[in-house]
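Colleague: Take this structure, written in structure tokens, and hold onto it; I'll ask about it next.
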Amino acid sequence: MFAGQRKSFGWKAAAVGAMVAVAGANAQTAFFSDMARECEGIYREGLNFVLKTDMLKEASGIAVSRKHPNVLWMHNDGTPQKLVAVTTNPGQEGLVVSTLSLPDYIKPASGDGDWEDLSSGECPDQSGRTCLWIADIGDNEAARDSYYVYAVVEPPVNPIVVFNDPLEDEDSFGDDLSGRKLLQRRSRPTSNNRGATHNANYLGWIVNQARSGRGVGDDAHERFSHAVNDPRHYNINGDKRGEFQELTEEQIQELKKCAPDHKFLIENFVAPNDAWVFEFKYPEGAKMDSEAFSVAPDGSKFWVVEKTEAASARLFESDSLLQQNATEFYREVPVTQTAVLSPPCFASGLGCPEDKTAWSVTAMDVHPQGYKAVVQTYAGPFEYTLDSQFDLASMSSVTPVGGLSDKGAESIGYGLDGMTMWQVPEALDAMGCQYMQPLMCTFTATELP
């Protein structure tokens with residue numbers, strides 16, 4: 001064979017190999033979409049489990065992995081610069097199996113970013129790889145000029161997750177009980193920052209107590225004073241620390257369940273050319289706060305729903321996100337308003353609470369098959385059946401189904417099977433642990449005994 005022929009043959013072989021690799025990746029994505037099923041019954045709360053980490057103080061986004069079975073990705077509210085993966089494997093629920101740290105440029109240079117939601121789908125380079133899509137769309141003050149969506153290639157997770165019972169070693173917990181409890185709840189004030197809690201002031205502390213479900217009470221001022229002036233004996237809620245009060249055996253066992261357990265954690269960093277930045281502005285320069293975001297499974301477009309206590313919320317759809325050339329990693333992408341949604345609690349016919357905060361849409365996701373969508377509110381999630389595949393504009397004329405759960409949250413995501421929803425409720429459990437609440441597909445009302 002001549003050299004020219006060898007060169008030509010090698011180029012063709014490489015091209016065929018690349019096509020096979022992309023086809024294989026696309027086939028995997030198509031397989032997961034085909035494998036998913038729609039729930040023909042109703043969703044009901046399943047058994048919840050605690051998150052065994054202190055890296056998720058306020059989970060504000062959740063996305064199912066389309067690459068690794070039984071893995072959920074999450075991030076904290078705000079600008080955490082890190083994604084955290086936990087497993088849902090029976091017996092290992094809540095264990096952290098991976099983190100992904102993002103580079104500094106994956107946020108606005110002005111530092112006014114606010115991560116609010118997370119989704120998963122194919123990467124915009126059409127390679128068939130799976131990406132995690134981060135929505136930097138929060139704007140509480142309605143002051144931002146631009147909003148951002150970041151796509152990063154989904155990294156590996158620890159493949160060797162063995163059964164782990166954090167209760168099996170009584171001695172290992174020992175004197176560190178209150179500290180480990182505190183790590184799960186809030187950061188401990190340091191000696192270099194005496195007189196300051198994680199909140200900047202008394203009002204912020206009061207708001208946090210109310211949002212956490214602890215309530216304020218007549219002793220709020222006294223507890224705040226304890227938290228600020230005597231952090232050695234009191235935690236940031238103003239409660240006496242565990243080492244200075246007697247705990248019951250039941251409390252000790254409960255606290256051990258949500259103690260940070262990172263023994264299976266592997267850390268990842270975004271590689272060059274594995275991240276894409278999309279900047280967008282709302283039509284006519286509108287400024288608004290949003291917390292609900294989802295991306296199409298093929299990574300071709302995304303949707304955003306406005307967060308508002310008004311009688312209607314706007315829904316926006318992006319133009320194509322697909323990479324136009326091999327060197328394009330930043331692009332300004334137009335978005336178009338496609339629908340106006342009534343508050344889900346009203347549209348469902350269930351009625352809305354007096355507190356209009358519960359009307360707001362705080363998260364969303366699109367079913368893997370594309371014929372349903374779910375939005376989250378502080379009054380629980382609501383599911384919409386779309387007129388056609390990925391036709392989210394039809395949500396404005398659809399009656400959503402509510403009553404799935406009364407737990408308010410800022411996160412919601414369909415499972416890979418399409419028959420499960422995952423959410424992290426805003427309120428902590430009775431022991432101060434943040435927990436995962438699955439909603440499982442069950443019988444229809446007419447089939448119940």
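The values are calculated or read from the model by the stated rules, or taken from the named source; none is laboratory data. Here the structure is a predicted model, which means the values were calculated and not measured. We place every Cβ from the backbone using ideal geometry, glycine too, and count neighbours over all the protein chains shown. Note: areas computed on protein heavy atoms with side chains; ligands, DNA, RNA excluded. Shrake-Rupley method; radii C 1.70, N 1.55, O 1.52, S 1.80 Å.
Colleague: Any idea of I134's accessible area? Nearest 10 Å², probe 1.4 Å.
Modeller: Estimated to the nearest 10 Å², I134 gives 0 Å².
Colleague: Okay, moving on. E284 to T327: extension gain in nm, 0.36 nm per residue of separation minus the Cα-Cα distance? If you can, show how the numbers build up before the last one.
Modeller: Working: separation 43, 0.36 × 43 = 15.48 nm, distance 2.98 nm.
Length gained, E284 through T327: 12.5 nm.
Colleague: Rg and Dmax of region 339-431, Cα atoms, in Å?
Modeller: Spelled out, the Cα radius of gyration and Dmax of region 339-431 are 12.9, 44 Å.
Colleague: Could you state how much accessible area E222 has, in square angstrom rounded to the nearest 10, with a 1.4 Å probe and all protein chains kept in place?
Modeller: 110 Å²
Colleague: Once you compute Rg and the Kirkwood Rh from C-alpha atoms, what is the Rg to Rh ratio for region 235-382?
Modeller: Details: Rg = 21.7 Å, Rh = 19.4 Å.
The Rg/Rh ratio comes out at 1.12.
Colleague: Between Q337 and E249, what is the spin-label point distance in nm, taking each point 7 Å from the Cα along the Cα→C-beta axis?
Modeller: 6.3 nm
Colleague: What length, rounded to one decimal in nm, is gained on full extension from S225 through to T442, with 0.36 nm per residue of separation minus their alpha-carbon distance?
Modeller: Values: separation 217, 0.36 × 217 = 78.12 nm, distance 4.83 nm.
Answer, rounded to one decimal: 73.3 nm.
Colleague: Pairs K82/K281; K281/K301; K57/K257: which are spaced more than 19 Å apart, C-alpha to C-alpha? Don't skip to the answer; put the middle values down first.
Modeller: Working: K82/K281 25 Å; K281/K301 15 Å; K57/K257 16 Å.
Long pairs (Cα-Cα over 19 Å): K82/K281.
Colleague: Turning to a different aspect of this structure: Residue farthest toward the positive end of the dipole of region 279-381, with Cβ of Lys/Arg at +1 and Asp/Glu at -1: which of T338, G370, A310?
Modeller: It is G370.
Colleague: Considering only protein heavy atoms, with the full assembly of protein chains and a 1.4 angstrom probe, order W422, W115 by accessible area, largest first. Before the final figure, lay out the partial values.
Modeller: Numbers: W422 40, W115 0 Å².
Accessible-area ranking of W422, W115, largest first: W422, W115.
Colleague: Order these peptides, 318-327, 84-93, 387-396, by their mean beta-carbon neighbour count within 10 angstrom, highest first.
Modeller: Ranked from most to least packed, the peptides come out as 84-93, 387-396, 318-327.
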